[in-house]
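Here the structure is laid out as structure tokens; the discussion comes afterwards.
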Amino acid sequence: MLSYDVCECGAPLRRMERPTPTPKGTEVLLKIKAAGVCHSDIHIWDGYYELGGGKRLQLLERGIKLPLTMGHENVGEVVAVGPDARDVQVGAVRLAHPWIGCGECAVCRRGEENLCLTPRNLGVFANGGYATHMMVPHPRYLFDIGSLSPAEAAPLACSGITTFSALRKIDDAVLKNQPVVVIGAGGLGLMAIALHKKMDGKGVISVDIDPVKREAATKAGAVAAIDGSAADAARQIVDATKGGAWAVIDLVGSSATAKLGLDALIKGGKLIIVGLFGGEVTVPTPFFPMRAMTVQGSYVGSLPEMRDLLALVREKGAPPIPVRTRPLEDANDALNDLKAGKIVGRVVLTPAA
Ligand SMILES: [Zn+2]
Ligand SMILES: [Zn+2]
């Protein structure tokens, strides 16, 4: 098998060749048909998250081991199954849920493997899909993609479930009756707009500093697009929401966007932080009670959410986000383009043409 691996933080991925593994126990081997390139891969590649004030969270100290094959948005064809893998047929094309925990602790048993303290996330802690093949530990992480193409379905594994889980954290009454403010109109932002519409949401007000991305957000159906770098951006959001936002989803997570999100909230509003750009905010503590505000973090999504997301997509169609396919050999270029902010929508690597 072939893979493109991070061997050293920040250095170009290296083309690696090794024997294709044989599945043991409940394992399932996929031949990768589509592997989405996600913004969080850039952080894994760099090896750290910015914590603000010059501090960094080093990922190698958090259990990530090199060399690593990144890629956590994968669709593949089942090519071999372990002796204990049930309900999975060779030849089936499946989306792999990558947010895998130990499978045994109380958190995993209640279905929230994405919050397990001993994660085995594919493409993060275990090898992912920037490769011709990838091993999945159990068939329960595999999902039927119905009539979707592999390239359409792959982004659901991270971009899709991350935004779906964040949108799910908004009260249904708010979602259906109030506009939701979504900061960031990259791949995640466009996915959020598309899924919000499928969930019968009232409308998305998109915020981005890049006019090209704002235009893409408007095309994707945002009811308004606000320049997040404008001096009066918070005021503009308050005006557009007629008094302040009930729900803001911050897909960037920088000091500036988190502050903007907080400033734009109405009394009783909720800020959901998803993005891992890095930074920090200072909030006077009396504001929490006085403004009755909620700040909630949201990290990818759970297995039950993946099931619900795929049910939604089967019923209402794939989110129409722009997807561009590139060969696996382009992995380095795709990452560099994403880092440079040159990509609108999603790039999906296609190893098995
Ligand atoms: Zn991702
Ligand atoms: Zn667990």
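The values are calculated or read from the model by the stated rules, or taken from the named source; none is laboratory data. Because the structure is a prediction, the values reported are computed rather than measured. Heads up, the Cβs are rebuilt from the backbone with ideal geometry, glycines too, and the neighbour counts pull from every protein chain shown. Note: areas computed on protein heavy atoms with side chains; ligands, DNA, RNA excluded. Shrake-Rupley method; radii C 1.70, N 1.55, O 1.52, S 1.80 Å.
At-a-glance table
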item	result
Surface accessible to a 1.4 Å probe, per residue, for the residues of segment 5-100, Å²	47 Å²
Cα gyration tensor shape for the chain, rounded if a/c is under 1.5, else prolate or oblate	prolate
For segment 229-293 and segment 1-52, distance of Cα centres in Å	34 Å
Eligible lysines near residue 33 by straight Cα distance, threshold 27 Å, same-chain separation 8 or greater	24, 65, 198, 316, 339, 342
Per residue accessible area of segment 285-326, 1.4 Å probe, in Å²	55 Å²
Solvent-free Debye scattering, log10 I(q)/I(0), computed from the Cα coordinates of segment 252-353 at q = 0.19 Å⁻¹	-1.09
Rounded percent of accessible protein surface that carbon and sulfur make up, the chain, 1.4 Å probe	53 percent
Gyration tensor (alpha-carbon) shape descriptor, segment 8-126, a/c threshold 1.5	oblate
Net charge dipole size for the chain [Lys, Arg +1 and Asp, Glu -1 on Cβ; Debye, nearest 20]	460 debye
DSSP beta bridge pairing in the chain, given as percent antiparallel to the nearest 5	55 percent
Cleavage-rule hits (trypsin sites (Lys or Arg not before Pro)) in segment 182-272: DSSP loop, at most 11 neighbouring Cβ within 10 angstrom	242
Gaussian network model of the chain, springs between alpha carbon atoms under 10 Å - residue of 228, 317, 253 with greatest fluctuation	317
Cα centre as origin, Lys/Arg/Asp/Glu Cβ charges: segment 18-159 dipole, Debye	280 debye
Within the chain, helix-based [θ] at 222 nm, where runs of 4 or more DSSP H residues each add -39,500 (n - 2.57), nearest 500	-7500 deg cm²/dmol
In order through segment 25-42: 3J(HN,Hα) via Karplus (6.51 cos²θ - 1.76 cosθ + 1.60), integer Hz, x for Gly, Pro	x, 8, 5, 10, 9, 9, 9, 6, 9, 7, 9, x, 9, 10, 4, 5, 4, 5
For residue 262, net neighbour charge (Lys/Arg +1, Asp/Glu -1) across residues whose Cβ lies under 11 Å away	+1
Sum of side-chain charges, residue 42 neighbourhood, beta-carbon under 13 Å (Lys, Arg +1; Asp, Glu -1)	-2
Shape call, segment 69-123: gyration tensor on alpha carbons, a/c limit 1.5	oblate
Size of charge dipole - segment 196-353 - debye, nearest 20, with Cβ of Lys, Arg +1 and Asp, Glu -1, no other charges	460 debye
Proximal lysines to residue 242, defined as alpha-carbon separation beneath 17 angstrom and excluding residues fewer than eight positions away on the same chain	176, 202, 267, 270
Accessible area of segment 182-274 divided out per residue, in Å², using a probe of 1.4 angstrom	38 Å²
